[in-house]
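The values are calculated or read from the model by the stated rules, or taken from the named source; none is laboratory data. Keep in mind that this is a model prediction, so the values were computed, not measured. With ideal geometry, Cβ positions are generated from the backbone for all residues, glycine too; neighbour counts draw on all protein chains shown. Note: areas computed on protein heavy atoms with side chains; ligands, DNA, RNA excluded. Shrake-Rupley method; radii C 1.70, N 1.55, O 1.52, S 1.80 Å.
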Amino acid sequence: MRIKAKLKGDKTEVKVMMKHPMLSYREAKKKGKEANFIVYVTAKNEGATVFEVSTSQFLSKNPYMKFYFKGGKKGEEVEITWVDLKGKTKTGKAKIK
């Protein structure tokens with residue numbers, strides 16, 4: 001997972017690329033595999049949730065997201081966590097620049 005967080009005025013811009021094959025039900029059936037894709041993403045800044053989203057099978061492989069939140073200070077940490085259909089989770093962190 002690649003994360004970049006940058007302070008822009010009073011907002012923090014976060015860009016994240018999550019490595020995941022994002023196998024939809026249709027693609028999984030064609031390949032004879034089980035469907036598996038990211039279903040939930042959260043972002044926290046210093047322990048407070050600043051972004052959360054439920055996703056579906058329609059995101060591309062290795063999805064990229066960009067969002068903003070108010071607050072955040074240089075040097076603070078942004079933590080991104082995703083959960084996939086099989087329950088696997090992955091967490092990444094980045095400092096705000």
*asked:* Between a residue in segment 68-96 that is over 17 Å from residue 49 (Cβ atoms) and in contact (Cβ under 8 Å) with a residue 60 or more places away in the chain and any residue that is polar (S, T, N, Q) and open to solvent by 80 Å² or more (accessible area, probe 1.4 Å), which pairs come within a Cβ distance under 8 Å, given they are 6 or more apart or on different chains?
replied: none
*State whether the residues of segment 7-29 include one that is aliphatic (A, V, I, L, M) and touching a Ser or Thr at 6+ places or on another chain (Cβ under 8 Å).*
yes
_Being touching a residue at least 24 places away in the same chain (Cβ under 8 Å) and more than 17 Å from residue 92 (Cα to Cα) narrows it down to one residue among 46, 34, 13; which is it?_
34
*Which residue out of 56, 24 is more than 10 Å from the chain's Cα centre (by Cα), farther than 23 Å from residue 94 by Cα and in contact (Cβ under 8 Å) with a residue 24 or more places away in the chain?*
24
*Across segment 22-34, what is the number of residues that are surrounded by 13 or more Cβ atoms within 10 Å (Cβ to Cβ) and not in a helix (DSSP H, G or I)?*
3
